[in-house]
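Each value in this text was obtained by applying a stated rule to the coordinates, not by laboratory testing. Computed from a predicted structure; not experimentally measured. Using ideal geometry, Cβ is built from the backbone for each residue, glycine included, and neighbour counts are taken over all protein chains shown.
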Amino acid sequence: VCSLDYYYEAINRIEKSFDLEQIVFFSDDLDWVKENFKVNLPVIYISGNDFEPHSDIFLMSNCDYQIIANSSFSWWCAYLGPQNFVAYPKKWFIDKKSPNLFPKNWIKI
């Protein structure tokens, strides 16, 4: 599980580098997201679709900038996307060293 500090650091880096119009949060726990994330941009919330995960992959991979969790699902969404900005957590596994599976242009936070 990634910390709020990780997500806020990644959001700050995107905001410093790009002119954002909105933020899209993808989550299977939108109540938690709404309670814990306070941003100064318009927000769209999208709940995961258990029955059609290919729809989630399509939507997530079409985002211009991505902050991914340490999951293979979010990794693939970022990899299939435009990769204008992809942030990933420096600690991918809790009990071992992070693997070398990230493109060089992705940003470790």
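Scanning region 26-40 for residues that are closer than 13 Å to C2 by Cβ and touching a residue at least 12 places away in the same chain (Cβ under 8 Å) gives S27, V33, N36, F37. Does Q66 count as farther than 20 Å from D5 by Cα and polar (S, T, N, Q)? No; evaluated as a whole, the condition is false for this residue.
Restricting region 29-55 to residues that are more than 26 Å from D19 (Cβ to Cβ) and charged (D, E, K, R) leaves a set whose member that is nearest to the chain's Cα centre (by Cα) is D29. In summary, helices (runs of 4 or more DSSP H) completely within region 2-99 and bearing 2 or more residues that are buried (at least 16 other Cβ atoms within 10 Å of the Cβ) occur at 4-17, 53-61, 72-80.
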